[in-house]
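Chemist: One structure, pasted below without further comment.
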Amino acid sequence: MYRSLTPGEQGPDVAELQQALISLGYSIGQDTIGTFGNGTKTAVSDYYHNIGFPITYTGNSGKIYSLETSLTQYKNDLANEVSQEKKYLASQNLHSYTPTFEQGATNLVITGIDKPAGSVVKSGELIASISRRPLFFLQGNIPMYRSLTPGEQGPDVAELQKDLISLGYSIGQDKIGTFGDGTKTAISAYYHHIGFSPIFAGSPSAIEQDQQTLQSDETNLLTLENQLYQSTTTTTSPPGIPTTTAANASGNTGVTILQTQISAAQQSVANDKQSLASAELSFGPEVQEQEAIFLPCARAKVVSLSGSIGDQVTSPFVSLKCLSDNTATYHKRYVSHYVAEQNSGSTNSGSPSSSAPSNSGTQANSGTQD
């Protein structure tokens, strides 16, 4: 006997069981030898009853069900248990999270634990590091459903910015809800403060290519403008412009052609500047989806955290429970400070205040990725 034999199973061991039941006088009905069907179920049940041990199975609640009990009743009770468990978790305000794989990754490993089970984590603090990347907690009502990159807009960007402000980082002149240069600076400062280098979005090579294209088109525009100037101060046509008519001799046709070329060159320069601005805006530090946990509270208890340093990440990795806080006051205090700071014209250029999170947890390796 190398395995439990259950309804639906097939194999020579099932056939052996059936032949034993038949030899003891039990019918397996219409079942094929080697297949555990309804007839074999009845024979097994009768056998167990005859030897004084009725077959039973136990539900999650500990309730004992016999084979005579309706399977529908068992399923209904099981569904009710699951429903009650979900309600319990909801009442406890528990939130579970497991980091996702990056493209090309084969596994995720715990490389640092800053907030073990039973500890309290505040907004902005590091919980753990996974494959040498951070996992931190922030305050917000919108769960992290995408990576937040330069140039993005939306209420989740606004949520991130409010957290940065409340932690003492300036977002410069950025509008709330728009990930601009000020938010880039604040993100970079925050990541370095918790001991990590942010991952950058965008392409430096695209910026370089746009700069070269702009420089070339500006040179071309300057050349055309110089030719136009020369054509209006002399009676000869500019280089490359034919002088076969009287109108050409006066330069009128040449001027018209140059003006058309200059207009096209000006449009090219304008397009180049727009493309460069877009490339520069989209380049910068990002907050990756798997690195941040947003919960609608300023503090949370780490109810559970699975694994130790060096272990592979299993699901669920961490469960958090929001703690009661006057979170409105928490945000209002720092937002008011930020508004006053902007009105006074004094900014901290992304430097954290004394309220910024500390990185005092245990780390394997440096926890930094350039």
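Chemist: Please determine, by comparing only the residues of region 29-79 that are among the aliphatic types (A, V, I, L, M) and not in a helix (DSSP H, G or I), which one is modelled with the lowest pLDDT.
Modeler: I64
Chemist: Here are some conditions: (1) under 21 Å from the mean Cα position of the chain (by Cα); (2) outside any helix (DSSP H, G or I). Q173 meets all but one. Which one does it not meet?
Modeler: Of the numbered conditions (1) under 21 Å from the mean Cα position of the chain (by Cα); (2) outside any helix (DSSP H, G or I), the odd one out for Q173 is (1).
Chemist: What residue, of A277, A264, A247, is modelled with pLDDT of 90 or more, in a helix (DSSP H, G or I) and not assigned by TED's automatic domain parsing to the domain that holds T178?
Modeler: A264
Chemist: Please determine whether any residue of region 3-11 is at pLDDT 70 or above and either acidic (D, E) or over 48 Å from the mean Cα position of the chain (by Cα) (or both). Let's see the steps before the verdict.
Modeler: If we filter region 3-11 for residues that are at pLDDT 70 or above, which is where we start, we get 3-11.
Filter once more, so that each one left must be either acidic (D, E) or over 48 Å from the mean Cα position of the chain (by Cα) (or both): 9.
The answer is yes, given that some residue of region 3-11 is at pLDDT 70 or above and either acidic (D, E) or over 48 Å from the mean Cα position of the chain (by Cα) (or both).
Chemist: Yes or no: A206 crowded, with 17+ Cβ neighbours inside 10 Å, assigned to a helix (DSSP H, G or I) and either in the same structural domain as D114 (by TED's automatic domain parsing) or of a type in the set (A, V, I, L, M, F, W, C) (or both)?
Modeler: Taking the combined requirement at face value, the residue does not satisfy it.
The values are calculated or read from the model by the stated rules, or taken from the named source; none is laboratory data. This one's a predicted model, so the numbers in the text were calculated from it and none came from an experiment. Glycine gets a Cβ as well: all are built from the backbone with ideal geometry, and neighbour counts include every protein chain shown.
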